[in-house]
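The values are calculated or read from the model by the stated rules, or taken from the named source; none is laboratory data. Computed from a predicted model, the values in this text were never measured in an experiment. Note: areas computed on protein heavy atoms with side chains; ligands, DNA, RNA excluded. Shrake-Rupley method; radii C 1.70, N 1.55, O 1.52, S 1.80 Å.
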Amino acid sequence: MLSQEQIKNTGATFTPKGLAKYLSERIAVYIDKDFKSVLDPACGEGELLIAMGTSLSNLNINFSLNGYDSNREYLEYAKERLFQFGLDKIKFVAGDFLEAIDVTSQERSLNLFKNDDISLLNNCFDVVIANPPYVRTQILGTEQAQLLAKKFNLKGRVDLYYPFLIAMTESLKENGILGVITSNRFLSTKSGESIRKFLSENYEILELIDLGDTKLFDAAVLPAIFIGKKKRIKVPSPAIFTKIYEDLNGYQGNF
């Protein structure tokens, strides 16, 4: 198990099995029966890919599962765990997804890592499922934070999952589905205003759930779930969201 210091510095918080299953099943509600290419850009030990593969298998939908991660040990373990789906369905890249993606070129293609098993391109995936790292500006360091802010056109304090949300959007096909677990901070903070605007403009927001103080992670992270369908035209989308806290029966409001 990762120490609290490792979690704080890397943002690597593995997704609980039950939450991965829930997210994959909610994503499956919104997809059709055609072949689905699935990406997890920070796949860790593969819990979300396993859950998504299981949900698609249960629906008799053919699929491929693609994972990025900068930690090779995690990837090796993920490969072992996903072997159940067949080698022809799983592909992995060891590398930093944020470094790989090009958000400036017209073609917006991903630079390829030296890996014969996979070549990932922007506008390529039908489904992105992810629990990206949560690392705030002061932990990232000023230089890296500024580089990310410049590359992804972000202002103010940058949490690492902000550029991940933008990069994941670039990798989705039009009408592709994004299902992501993040910290809930962006829902209410001033620094989250730009990413709220980005999500509203780029997605038909299907579900937005603030899981608040439900203690689903070992780390001190208050999670939220976002599920959206990528739009072609960037216009703001309204959304209804649900708050689930231990001391509340539930609350619905506007995004």
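How many angstrom lie between the C-alpha centres of the stretch 133-194 and the stretch 38-67?
23
Roughly how much of residue 193 is accessible, in Å² to the nearest 10, using a 1.4 Å probe?
Approximately 100 Å² for this residue.
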